Amino acid sequence: MRDLIEFIRQYDPEFPSKIRGASTEETVRLEQLVGRNLPAHYKEFLLYLGKNMGDLQMPETDFHIGRVLKFYEIGKRKPPSRYIFIGAQVEDPYDRYLLDCGDSPLQDCPVLRADPQEPFKTTDNLWVSFPSLKDMLFVLAFSVKRMELLPHRRQFTPSLEEGENGLSRVPPGLMDSLGKVMAMQGFEKQPYTSELNPLFERGDAAFYASRNPEGGGMTAELAAQDEREFKKLVEIIRDNTALL
């Protein structure tokens, strides 16, 4: 978690003074309620950011240790032991966030979203959002802390193609083509995230892409300081990748 905080401090030197972690006693209590050890990365997240994430916020979503403890203390629909509830949206659609930790202790786990009504009857009500908690936090930090410093921003969506099963899918080579385009334009890929969530930095511009681990949707965003250069980069991305 220190690498995340140091990463954010590049863009917001006061960030460490804005956050507050949960106590060791609270994490021990949560482990007792969950009935298993917490993944190391999630426990570290709680100890650094569990009571106050500062302005590192996902819209309308609460990851506070108090909400998590309350869920396990009084909630009626607790997840199977392989899943750990870590937060929830506080406005419609009120999705829950879970870690899928399987049956063995892990350093980090995939982050799922769950339907709040019937989240555990079948896996049809669960969706993988990020391959790890680390990926989720760095993508959030890059979007909230880095890209908000740049005045010109644009989101992209992929041009989908039909897969073998007849369903729409993101073109398989899209991430590779994005990496090549970013490198040719002088961007450097940051070392913090997986190949599904690359972060690219150039000083005067930034770009990230985030793809669903199960091959579903994808989001991408560009931000730049200079308007003319921003428009140029938008055209280059649209002309050389399957992003629209």
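Summary of values
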quantity	calculated
Which listed residue is surrounded by 20 or more Cβ atoms within 10 Å (Cβ to Cβ) and touching a Leu at 6+ places or on another chain (Cβ under 9 Å), from ARG96, ARG20	ARG96
Hits in region 211-220 (condition: assigned to a strand (DSSP E or B) and at pLDDT below 95)	ARG211, MET218, THR219
Pairs where the first residue, in region 221-243, is part of a helix (DSSP H, G or I) and the second is among the small types (Gly, Ala, Ser) and surrounded by fewer than 17 Cβ atoms within 10 Å (Cβ to Cβ), C-beta under 8 Å, 6+ apart	ASN240/SER177
Strands (runs of 3 or more DSSP E) (entirely within region 121-205) containing at least 3 residues that are hydrophobic (A, V, I, L, M, F, W, C)	126-130
Near pairs, Cβ below 6 angstrom, 6+ apart or cross-chain, from region 160-178 (at pLDDT below 75) to any residue that is among the polar types (S, T, N, Q) and surrounded by 16 or more Cβ atoms within 10 Å (Cβ to Cβ)	none
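The values are calculated or read from the model by the stated rules, or taken from the named source; none is laboratory data. All values reported here derive from a predicted model rather than from experimental measurement. Virtual Cβ from ideal backbone geometry, glycine too; neighbours counted across all protein chains shown.
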